[in-house]
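Chemist: Next up is a structure, given as structure tokens.
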Amino acid sequence: MNKTKNAVLNFTEEISKSNTDEAQKVWKNCIQIIKDHIGGLSFKTWFEPIIPTDFSNDTLTVKIPNDFSWEYIEVHYNTLIKKALLHSIGDKAKLVYIIDDKIKNEPEKIIGHELKVKTFNQLSTQEKSIDVDAAIFETHLNEKFSFDNFIKGEGNQLARAAAYAVANSPGGTSFNPLFIYGGVGLGKTHLIQAVGNAVLKNNKAKRVLYTTAEKFTMEYVDSIKKNSTNEFSSFYRKVDVLIIDDIQFFALKEATTDTFFHIFNSLHQLGKQIILSSDKPPKSLSGLDERLISRFHWGLSVDIQPPDLETRIAILLKKCESFGLEINSEIIEYISSNITNNIRELEGCLVKILALASLEGKEITLELAKEVVKSIATDRKFSITVEQIQKIVSQYFEIPEDMLRSKTKKQEFVQARQIAMYFCKKFTNASLKTIGLHFGGRDHSTVIHSIQSVEEMLTEDKFISIINSIQRKIEISS
Ligand code: ADP
Ligand code: MG
């Protein structure tokens, strides 16, 4: 190598070194300001891991550990960072993030107004070894739920990013447990199962187990009967990634939650990943053991909000694509403007349109779409029967269904019976007389009295939460 070349190289090295020094100086100024505005723990979690790497032309480049940190900072600290940059660099300041993400491989993308994000491509070597035990381990995951077919939107962005971070490093992030909450049909089950599927894709040897709180409870009750509670617990303690859906179902089930509490602790201690979903945030899970709720705060709880119009359109288009279907944009827009709160209904609508069109040989027109949207709104109210409501309510309170129809006046049965009647009135077309007949031949005045009792109790927080949980169950099954 000749001398000139060497000199040029040294010169460039020196420039880049001075850029790094400069970057450190500027970043130090910035974090001084940031530090003054946020709590110590937040600072440690989100800002300490950031490394300044370059500063030139008013542009500061920093390296950030993963996508999730970036998204979190973007959502929560954007304004603060802008302020810090303005103060330390001036109004031409720009910030470039480099995301050092081991698995992701995305081309450079521009996000937000002035923030530029790069992702390094460092695919991790995937473990190929299959442990025999794990190979026969039944995961109960549905493979159709993946990150690829989960459409990203404003309402689910953070939850998705957290789930993605966990999927790439189960047990290895501070998001343990990862607690995802939100209303019915917004993608909780999809997302938490996507984590399970992704973990297995990266490493087949991982024991991933998906279950619902309801199933967990049934199995536990069953193990009591069979005298095998020890086996039950030790089975769950062997799992690497435990995914439990709809944990609001645990409310008021003391023995089951106690067992879950111990399983939770032991998995957490071993650095195993726990992922939970619920229809409400941890703090609103009344009827659940306080100790357990405080454990949920160890990790990260993040919500999913109803999708905005754009996301709804994107979801419908994706669905059409998977059906190999072309529907004109006017119809897509009509459906997504009229079904707004529930992605399951959005999909259901499309399936129904498709079914009608193919079974009855109808063309897919705007009129047909309108008809189906209207029928979905009506179905919402009337698709459930008295029997189904009785089943849901008795399962919720863990009492035999017969007790709803019996004459017994034991308080716990009376209350369950009243609640069941209340929902029959609310969600079915049945008259008071018919409802009474279904509840052991009571007359209509008893039904009225029951409904009134429930309505009166609807001022107590704890009771509201029970009613809401049951209502969600009814809505899901209708
Ligand atoms: P939840 O568990 O919150 O009630 P689900 O996960 O069962 O909701 O979602 C309902 C339906 O909507 C599922 O078929 C799911 O695949 C679909 N879905 C939800 N969110 C999305 C999304 N962001 N992109 C694509 N499909 C979605
Ligand atoms: Mg669900």
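Bear in mind these aren't lab numbers, they're just calculated from the coordinates by the rules spelled out. Small disclaimer: the values here were computed from a predicted structure and weren't measured. When we count neighbours, we look across all protein chains shown, and the Cβ atoms used for this are built from the backbone with ideal geometry, even at glycine.
Chemist: Quick one, can you get me the convex hull of the C-alpha atoms of the chain expressed as volume per residue in Å³?
Modeler: Numbers: hull volume 101.0 nm³, N = 478.
It is 211 Å³ per residue.
Chemist: Where does the chain land at 222 nm, in deg cm²/dmol rounded to the nearest 500, when only DSSP H runs of n ≥ 4 count, each adding -39500 (n - 2.57), divided by all residues? Write down the numbers at each step before the final one.
Modeler: Values: 19 runs with 263 residues, N = 478.
After summing the helix terms and dividing by the residues of the chain, the value is -17500 deg cm²/dmol.
Chemist: Per the Kirkwood formula on distinct C-alpha pairs, the Rh of the range 386-477 is how many angstrom?
Modeler: Evaluated over the range 386-477, this radius sits at 12.9 Å.
Chemist: Determine the sum of side-chain charges near Asn176: Lys and Arg each +1, Asp and Glu each -1, restricted to other residues whose C-beta is under 14 angstrom from that of Asn176.
Modeler: Working: positive: Lys272, Arg295; negative: Asp240.
My count for the surroundings of Asn176 gives +1.
Chemist: Tell me, what is the FRET efficiency for Ala377 and Asp91 to the nearest 0.05, using R0 = 51 angstrom and their Cβ-Cβ distance as r?
Modeler: Values: r = 51 Å, r/R0 = 1.01.
That pair, Ala377 with Asp91, gives E of 0.50.
Chemist: Okay, next question. If each residue's Cβ is checked for other Cβ atoms within 10 Å, how do Thr79, Thr428, Thr189 rank with the fewest at the top? Intermediate results must be reported in sequence, preceding the final value.
Modeler: Values: Thr79 9, Thr428 22, Thr189 19.
Fewest to most other Cβ atoms nearby, the residues stand as Thr79, Thr189, Thr428.
Chemist: Just report the Cα centroid separation between the range 52-66 and the range 423-446, whole Å.
Modeler: 68
Chemist: Tell me the net charge near Ala255. Cut-off is 13 Å between Cβ atoms, Ala255 excluded, with +1 for each Lys or Arg and -1 for each Asp or Glu. Walk me through the numbers before you get to the answer.
Modeler: Working: positive: Lys225, Lys253; negative: Glu219, Asp222, Glu254, Asp258, Asp289, Glu398.
Its environment carries a net charge of -4.
Chemist: Go through the range 200-292 and name the trypsin sites (Lys or Arg not before Pro) that are in a DSSP coil and have 10 or fewer other Cβ atoms within 10 Å of their Cβ. Don't skip to the answer; put the middle values down first.
Modeler: Values: sites: Lys201, Lys204, Lys206, Arg207, Lys215, Lys225, Lys226, Arg237, Lys238, Lys253, Lys272, Lys283, Arg291; in loops: Lys204, Lys206, Arg207, Lys226, Lys238, Lys253, Lys272.
Loop-located and lightly packed - Lys226.
Chemist: Roughly what percent of Cα-Cα pairs across the range 216-306 reach past 20 Å? Kindly include the intermediate steps, with their values, before the conclusion.
Modeler: Details: 1392 of 4095 pairs.
Result: 34 percent of Cα pairs exceed 20 Å.
Chemist: Counting other C-beta atoms within 10 Å, which of Ser174, Ser286 has the fewest, and how do the rest follow? Don't skip to the end; give the middle numbers.
Modeler: Working: Ser174 10, Ser286 18.
Final ranking by Cβ density, sparse to dense: Ser174, Ser286.
Chemist: Just the Cα atoms of the range 273-342, one point each, no solvent: what log10 I(q)/I(0) does Debye give at q = 0.24, 0.27 Å⁻¹?
Modeler: So the normalised log intensities are -1.00, -1.18.
Chemist: Okay, moving on. If neighbour count is taken as other Cβ atoms inside 10 Å, put Glu460, Glu290 in order from fewest to most.
Modeler: Values: Glu460 12, Glu290 8.
With the sparsest Cβ surroundings first, the list reads Glu290, Glu460.
Chemist: Of the options Ala369, Ser286, His37, report the single residue whose Cα projects farthest towards the positive end of the charge dipole of the chain (beta-carbon charges: Lys, Arg +1; Asp, Glu -1).
Modeler: Of the listed residues, the answer is Ser286.
Chemist: Order 411-419, 263-271 from most to least packed using the mean count of other Cβ atoms within 10 Å. Kindly include the intermediate steps, with their values, before the conclusion.
Modeler: Numbers: 411-419: 18.3, 263-271: 15.9.
Going by the mean number of other Cβ atoms within 10 Å, highest first, we get 411-419, 263-271.
Chemist: Return the tail of the calculated pair distribution for the range 332-459, meaning the percent of Cα-Cα pairs more than 18 Å apart. Don't skip to the answer; put the middle values down first.
Modeler: Working: 4916 of 8128 pairs.
More than 18 Å apart: 60 percent of the Cα pairs in the range 332-459.
Chemist: Still on this structure, please answer the following. From zero up to wherever the largest Cα-Cα distance of the range 135-265 sits, split into 5 Å bins and tell me the percent of pairs in each.
Modeler: 2, 10, 20, 23, 20, 14, 8, 3, 1, 0
Chemist: Here is a further query. Students often get this wrong, so check it: of Lys238/Lys280; Lys318/Lys374; Lys144/Lys188; Lys253/Lys280; Lys188/Lys215; Lys391/Lys425, which have C-alpha atoms separated by over 20 Å?
Modeler: Working: Lys238/Lys280 28 Å; Lys318/Lys374 23 Å; Lys144/Lys188 14 Å; Lys253/Lys280 17 Å; Lys188/Lys215 17 Å; Lys391/Lys425 15 Å.
Beyond 20 Å: Lys238/Lys280; Lys318/Lys374.
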